[in-house]
Amino acid sequence: MVEVYESDRRFKVWQYTVSHRRLLLRSSREEYGTRIDILFAGVEHLCIKRTYDGLVIRQGTEEDARRISEALDIEVDVQSLYLLGQGISSFVISGRPQWREDDGYNDAPSRLGRLPGTP
C-alpha cells in the first residue's frame, strides 16, 4: 500500500460536481493560517465522510479493490482506487489526486482549477 498524501489537519468536503466528475476537499485557512485543497478529477465512484480529522490518502491494493468490488457490486480498477483514512470504508475511484497549499480564502476559487458553481 502506497501513501499518497498525509496531513494532521481537518478537511471538509468542499465541493463535488457530478457533471464534471470532480471532488474538492479543503482544509480552511481560518483554522491553520493557510488552506489546502485536494482535488480528485475523473471521479467514477466515491464513498466519503463529510469531514476528516487528519487525512491519509493511500493507493488501494488488489485486495482492497477486490473487497470493494464484491461488497458494492462495482468494477474497481486498482490503479484508480484511493483510500481515505484506515480501511476500505472511505474511498474515491478517480484520477490521481492533486493538492496545493496557499493563502487563499474560503470564498476564493481553488488554484487547482475553477469548479462549476464556484465564484
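The values are calculated or read from the model by the stated rules, or taken from the named source; none is laboratory data. Computed from a prediction, not measured in an experiment: that's the story for all the values here. No Cβ is skipped: glycine too gets one built from the backbone with ideal geometry, and neighbour counts run over all protein chains shown. Note: areas computed on protein heavy atoms with side chains; ligands, DNA, RNA excluded. Shrake-Rupley method; radii C 1.70, N 1.55, O 1.52, S 1.80 Å.
Can you name the residue in region 59-74 that is surrounded by 15 or more Cβ atoms within 10 Å (Cβ to Cβ) and more than 26 Å from residue 102 (Cα to Cα) and is also nearest to the chain's Cα centre (by Cα) among such residues? Ranking the candidates gives 60 first.
Among residues of region 34-56 that are without any contact (Cβ under 8 Å) to a residue 60 or more places away in the chain and among the aliphatic types (A, V, I, L, M), those with a beta-carbon under 6 Å from a residue that is outside any strand (DSSP E or B) and open to solvent by 50 Å² or more (accessible area, probe 1.4 Å) at least six positions away or on a different chain give the pairs 43/21. Could you tell me whether residue 118 is over 12 Å from the mean Cα position of the chain (by Cα), surrounded by 13 or more Cβ atoms within 10 Å (Cβ to Cβ) and either of a type outside the set (Val, Ile, Thr) or at pLDDT 95 or above (or both)? Spelling it out, it is not the case that residue 118 is over 12 Å from the mean Cα position of the chain (by Cα), surrounded by 13 or more Cβ atoms within 10 Å (Cβ to Cβ) and either of a type outside the set (Val, Ile, Thr) or at pLDDT 95 or above (or both). Please work out which residue is most open to solvent (accessible area, probe 1.4 Å), limiting yourself to region 1-58 and to residues that are part of a helix (DSSP H, G or I) and among the acidic types (Asp, Glu). Looking at residues that are part of a helix (DSSP H, G or I) and among the acidic types (Asp, Glu), I get 30.
When residue 110 is tested against the conditions (1) touching a Leu at 6+ places or on another chain (Cβ under 9 Å); (2) not aliphatic (A, V, I, L, M); (3) not in a loop (DSSP other than H, G, I, E, B), the lone failure is (3). Within region 77-96, does at least one residue satisfy the condition of being open to solvent by 20 Å² or more (accessible area, probe 1.4 Å), in a helix (DSSP H, G or I) and not aliphatic (A, V, I, L, M)? The answer is yes, given that some residue of region 77-96 is open to solvent by 20 Å² or more (accessible area, probe 1.4 Å), in a helix (DSSP H, G or I) and not aliphatic (A, V, I, L, M). The condition of being out of contact with any Gly (no Cβ under 8 Å at 6 or more places or on another chain), open to solvent by 80 Å² or more (accessible area, probe 1.4 Å), free of Cβ contacts under 8 Å to residues at least 60 places away in the same chain and at negative phi does not hold for residue 105.
Across region 1-42, the qualifying residues are those that are acidic (Asp, Glu) and within 12 Å of the chain's Cα centre (by Cα), and the one among them that is farthest from residue 59 (Cα to Cα) is 37.
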